[in-house]
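Participant: I have a structure here, written as structure tokens, and I will follow up with some questions on it.
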């Protein structure tokens, strides 16, 4: 039945390739995409290193997985649980073998983990896993305490996505700190109850409220930290409707939203040829690269139209002199 359902969902995607572009389907999709996905440039150590990240993104429920496993062993075999467990582990292993890692690739694994953990909180008796439950609660309290300290003394010099998710306003920090304190006190009290539903509900409410706050505030920080909008507006305003915006060495998909012109990615040779003559087009590149190419043969009309910080890097839009 499962194979049949997968086949039904795959047909609308598969049939057009088979009917209209068989060579493209075989060479570009099966060989170039799927085969390379598993036979990619990264070795086995690289792939194995990213497999445990699932447990990191599954926090705080990861803290109670040891108690879940102990309860399974003491509660006996369950056919439904076994199916969910093997399905989850199979997806985990297959996706973990990918030669190209993206955190979102692991999304199909989380529903299975959620079902397995949810069964534990709904059916397990605290007395059976008292010690493991206490350890999970202590670990949650420690994480909540770290969160509380981070809201009082926010760390500086964060890299990558850190500045996007670190609250930078006092009201936001106060709200998250209060929620973290509620979580610490509530988990310690709920761990003594006769059922685990209250514990799970409290954790879900606290974490959900924090994520809700982040959902409202992190997009604002992302727009500021990845200020692509201003770069896109400058490139669009400078380039005529039939012109081209060139990107070196590559541009993220965010630029496709804000640049209302044709976008072409180019390499070093094409960049040198483009900047050696007048043009009404625009180029988006790092300031470091722009400083380096100015030492070579650059037509005098090229100049900086706009500059912004994108992911911690200085990015500039340069344009040629209009004719």
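Participant: Please order 121, 216 by the number of other Cβ within 10 Å, starting at the fewest.
Facilitator: So the residues, fewest neighbours to most, are 216, 121.
Participant: Next up: What is the angle, in °, between the Cα long axis of helix 65-75 and the longest principal axis of the Cα atoms in the chain? Nearest 10 is fine, range 0 to 90.
Facilitator: The angle comes out at about 40 degrees.
Participant: What order do you get for 302, 92 when you list them from fewest to most C-beta neighbours inside 10 Å?
Facilitator: Going from sparsest to densest Cβ surroundings: 92, 302.
Participant: Percent relative contact order of the chain, based on C-alpha pairs within less than 8 angstrom and at least six residues apart?
Facilitator: For the chain, the relative contact order is 12 percent.
Participant: Is the shape of segment 228-319 best called rounded, prolate or oblate, per the rule: a/c under 1.5 gives rounded, else a/b larger than b/c gives prolate, else oblate, with a ≥ b ≥ c the square roots of the Cα gyration tensor eigenvalues?
Facilitator: Because a/c hits 1.5 or more and a/b fails to exceed b/c, segment 228-319 counts as oblate.
Participant: Checking the a/c ratio against 1.5 first, then a/b against b/c, what shape does the Cα gyration tensor give for segment 119-244?
Facilitator: prolate
Participant: Where does the chain land at 222 nm, in deg cm²/dmol rounded to the nearest 500, when only DSSP H runs of n ≥ 4 count, each adding -39500 (n - 2.57), divided by all residues?
Facilitator: -18000 deg cm²/dmol
Participant: How high is the relative contact order of segment 43-225? Use alpha-carbon pairs under 8 Å, at least six apart in sequence, and give a whole percent.
Facilitator: It comes to 24 percent, rounded to a whole number.
Participant: Right, next: Nearest 10 degrees, 0 to 90: what angle lies between the long axis of helix 79-96 and the longest principal axis of the chain (Cα atoms)?
Facilitator: 30 degrees
Participant: Roughly how tilted is helix 170-190, in degrees to the nearest 10 and between 0 and 90, from the longest Cα axis of the chain?
Facilitator: Value to nearest ten degrees: 20.
Participant: For 133, 253, what ranking results if the residue with the fewest other Cβ atoms within 10 Å of its Cβ goes first?
Facilitator: Fewest-to-most ranking of 133, 253: 253, 133.
Participant: Sort segment 84-126 into rounded, prolate or oblate with this rule: let a ≥ b ≥ c be the square roots of the eigenvalues of the Cα gyration tensor; rounded if a/c is under 1.5, and if a/c is not under 1.5, prolate when a/b is larger than b/c, oblate otherwise.
Facilitator: It is prolate, given that a/c is not under 1.5 and a/b is the larger ratio.
Read the figures in this text as sums done on the coordinates, not as results from a lab. These numbers were taken from a predicted model, which means no experiment stands behind them. When we count neighbours, we look across all protein chains shown, and the Cβ atoms used for this are built from the backbone with ideal geometry, even at glycine.
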